[in-house]
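The values are calculated or read from the model by the stated rules, or taken from the named source; none is laboratory data. What you see is a predicted model, and the numbers here were worked out from it, not measured in a lab. Virtual Cβ from ideal backbone geometry, glycine too; neighbours counted across all protein chains shown.
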Amino acid sequence: MATALADIALADIDPVDRRPALIEGAPTFHGITEAVSAPVEWTPPLGWYVTLGISLSFLALFGVSIAWLFWEGVGIWGNNVPVAWAWPIVNFVFWVGIGHAGTLISAVLFLLRQRWRTSINRAAEAMTIFAVMCALVFPGIHIGRPWLPYWMLPLPNQMEMWPQFRSPLMWDVFAVSIYGMVSLIFWYLGLIPDLATIRDRARSRVRQVVYGVFALGWRGSFRQWLHYEKAYLLLAGLATPLVLSVHSVVSFDFAVSQLPGWHTTIFPPYFVAGAIFSGLAMVVTLMVICRVVFKLTHVINPLHFDRMARLILLTGSLVGLAYGTEFFIAWYSGSEYELFAFKNRANGPFAWAYWTMVSCNVISPQVFWFKKLRTHIPTLFVVSILVNVGMWFERFVIVITSLHRDFLPSSWDYYRPTFWDLATLAGSFGLFFTMFTLFVRFLPMVAMSEVKGVLPQAHVHHRPD
Amino acid sequence: MADEKTYGLLAEYSDPETLMRACAQVRDEGFSRWDAHTPFPIHGLARAMGLRRSWVSAFVLVMGLGGAALGMLLQWWVSTTAYPLVISGKPFFSWPAFIPITFECGVLGGAAGAVLGFLLLAGLPRHHHPIFNARRIGRATDDGFFVSIEAADPKFDAEKTRSLLETSGATHVEPVTA
């Protein structure tokens, strides 16, 4: 049967809808199964062990940093007065932002019928979940009394105390944790048919049982597919407003305060655009590596990078527009404190951070106006890393430069991170990359069933009534 | 009728198009206990199989609204009864401030409803199913397109059903033991 399909002449242009084929080289259905299952079934290449080793060492650094923090207290960080919300909050917002592209690619592009998403949605969703895990660590360890984070939850307790629901910080607790849960559900639902594929290909009993348990007994029955598709569509419909709400709520943490530089109505859309921007950049970084290491260059091909680069250009320019608008409003508002906060960003002691942010986020993505550069893998890789650096600095600029000089000059101060600030940030990358490295080894990193569905031979053109 | 040891017949087709034509035939013959097995969802197959729309949406609606209602109720009870606090001189039940959490709880309820509805309606998780006794069914999650007809179907006749499947363009037809 596989050969029968291979015999059909297929160019890289879909013969019916005349669009470029989404998967290069006209593979068969079985070819997709083989290519995607291979990393899960083969002995991994040496590079995988090296990556896992490096990631684990950073994860250990994370463990040590947190242990030392719990032993010694938040004094090991550079947080001071007035910069009481320092690196931990920068890192929190950074990681939550990274976590936005997964749901964007899975849900928003699904609803917009962007079929190119199928090659990258699985990995992007996994990335989302791991990024949210990293993000959730930071508020937990930042509270100073790390044995009390359950105070943030509405739990009955012997003190008869309850959370204060008018606070944006409480909204944030709900938004981020529910976002994590819904992303996990969405990801797992998408995995079920592919786990069944791995189960059916298993040669050993252990694999068959383990993947079989998680495949829940899926048998590819169309009566199951009918409900599956409906559930997937509705989850996408629910996740779309959710992804827009999460970073809006994160931005309320700042916007609802009265601090110049934070107290602006532009924050929700500006944060959402920035989050999607940084998340897409992280997807590009990861996919550039994975497609080469795991021989998936025909499944994740220049067409997909071209589409992602366009989105990066769009969201990067939106972020640039937001930077400009902030300055305009600071001047137009006539509030001298507001105007000072922005002049201080561009010319003050943290001007280096501000201009790093602008160069990385606004200037570097402009190379994507050129089609050649949108599909040039080394350029994509470099720009994606620059964007992530820039987006980390965006949060640094927002949190630290706004706090370090507020209304009262007598309380102004400079902020310097300590070794442990750096170690905790580097360690959180260890957590992220450890999870991602394990993911690409043990779970199919491309949604096989969805990719098969976008192959030209999957479409039925003459439907019986 | 077939003996109790037979679950039914499983026919394999070479591509989605033949499968869809075969499904339309099986539907027109009036079978009720039958199914198609495919590696990915095929558009238009629900129509060819005569299946009606999925009711997962009802679960999502009910649980989504339920989640939102519970979220608002929790905040109302905490803020007015369990632990009333005066914050910026606002009323205890200052509902606009409770909208974000109400919305998030609604999404959580809806997402849980989508998954629960899917699992209930699709009959999952399930430990075993007789269809897994078929030799070729493993390809349904790889590159095989199948139609299965249960022996328990009132229209089932070992000989006639087999020839129906064979003439509908199947490349293989195999009996499945129960």
For the stretch B:126-164: of the residues being touching a strand residue (DSSP E or B) at 6+ places or on another chain (Cβ under 8 Å) and of a type in the set (Asp, Glu), which is nearest to the other protein chains (Cβ to nearest Cβ)? B:Glu150
Considering (1) surrounded by fewer than 17 Cβ atoms within 10 Å (Cβ to Cβ); (2) within 9 Å of chain B (Cβ to nearest Cβ), say which one A:Gly217 fails and leave the rest. (1)
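Residue by residue, here is whether (1) farther than 30 Å from B:Ile137 by Cα; (2) modelled with pLDDT of 90 or more; (3) more than 8 Å from chain B (Cβ to nearest Cβ) holds:
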residue: A:Thr197; (1), (2), (3): no, yes, no
residue: A:Tyr211; (1), (2), (3): no, yes, yes
residue: A:Lys230; (1), (2), (3): no, yes, no
residue: A:Val246; (1), (2), (3): yes, yes, yes
residue: A:Tyr270; (1), (2), (3): yes, yes, yes
Tell me which residues, restricted to the stretch B:56-87, are assigned to a helix (DSSP H, G or I), within 7 Å of chain A (Cβ to nearest Cβ) and closer than 18 Å to A:Ser167 by Cα. B:Leu74, B:Gln75, B:Val78, B:Ser79, B:Ala82
Count - residues of the stretch B:88-103 that are within 8 Å of another protein chain (Cβ to nearest Cβ), in contact with a Phe, Trp or Tyr (Cβ under 8 Å, 6 or more places away or on another chain) and of a type outside the set (Gly, Ala, Ser): 3
Kindly check whether there is at least one residue in the stretch A:180-201 that is within 27 Å of A:Gly427 (Cα to Cα), surrounded by 22 or more Cβ atoms within 10 Å (Cβ to Cβ) and either among the polar types (S, T, N, Q) or free of Cβ contacts under 8 Å to residues at least 40 places away in the same chain (or both). yes
Select the helices (runs of 4 or more DSSP H) contained entirely in the stretch A:352-453, then report the ones holding at least 3 residues which are surrounded by 21 or more Cβ atoms within 10 Å (Cβ to Cβ). A:377-396, A:419-442, A:448-453
Say we look at the stretch B:26-54 and pick out the residues that are more than 24 Å from A:Asp194 (Cβ to Cβ) and part of a helix (DSSP H, G or I); which of these is farthest from the other protein chains (Cβ to nearest Cβ)? B:Val26
Give the stretch A:426-455 a look and list any residue that's of a type in the set (Gly, Ala, Ser) and more than 14 Å from chain B (Cβ to nearest Cβ), or say none. A:Ala426, A:Gly427, A:Ser428, A:Gly430
Report the residue count in the stretch A:330-355 for those that are closer than 14 Å to A:Trp412 by Cβ and hydrophobic (A, V, I, L, M, F, W, C). 3
Scan the stretch A:167-178 and tell me whether some residue there is more than 24 Å from the chain's Cα centre (by Cα) and either within 11 Å of another protein chain (Cβ to nearest Cβ) or part of a loop (DSSP other than H, G, I, E, B) (or both). yes
Looking for something acidic (Asp, Glu), within 30 Å of B:Val176 (Cα to Cα) and touching a residue at least 12 places away in the same chain (Cβ under 8 Å) - is there at least one such residue anywhere in the stretch B:99-120? no
For the stretch A:213-229, give me each residue that is touching a helix residue (DSSP H, G or I) at 6+ places or on another chain (Cβ under 7 Å) and either in contact (Cβ under 8 Å) with a residue 12 or more places away in the chain or under 11 Å from A:Ile192 (Cα atoms) (or both). A:Phe214, A:Ala215, A:Leu216, A:Trp218, A:Arg219, A:Gly220, A:Tyr228
Odd one out for A:Thr240 among (1) surrounded by fewer than 22 Cβ atoms within 10 Å (Cβ to Cβ); (2) in contact (Cβ under 8 Å) with a residue 24 or more places away in the chain; (3) within 9 Å of chain B (Cβ to nearest Cβ): (3)
Of B:Gly123, B:Gly117, B:Gly106, which residue is more than 7 Å from every other protein chain (Cβ to nearest Cβ) and crowded, with 22+ Cβ neighbours inside 10 Å? B:Gly106
If you take the residues of the stretch B:88-103 that are in a loop (DSSP other than H, G, I, E, B) and among the hydroxyl-bearing types (Ser, Thr, Tyr), which of them is nearest to A:Trp225 (Cα to Cα)? B:Ser94
Here is a check on your reading of the model: is A:Leu22 part of a helix (DSSP H, G or I) and aliphatic (A, V, I, L, M)? no
All but one of (1) facing chain B (nearest Cβ under 9 Å); (2) surrounded by 17 or more Cβ atoms within 10 Å (Cβ to Cβ); (3) among the acidic types (Asp, Glu) hold for A:Glu160; state the number of the condition that does not hold. (2)
Residues within the stretch B:14-25 that are surrounded by fewer than 24 Cβ atoms within 10 Å (Cβ to Cβ) and more than 7 Å from chain A (Cβ to nearest Cβ), tallied: 2
If you go through the stretch A:179-192, how many residues are at the interface with chain B (Cβ under 8 Å from one of its Cβ atoms) and in contact with a Pro (Cβ under 8 Å, 6 or more places away or on another chain)? 0
List, please: which pairs have Cβ atoms under 7 Å, are six or more places apart or on different chains, and start with a residue in the stretch A:302-329 that is over 10 Å from A:Ala273 (Cβ atoms) and end with one that is among the hydroxyl-bearing types (Ser, Thr, Tyr)? A:Pro302/A:Thr375; A:His304/A:Ser119; A:Phe305/A:Thr375; A:Asp306/A:Thr375; A:Glu326/A:Thr264; A:Ile329/A:Thr264
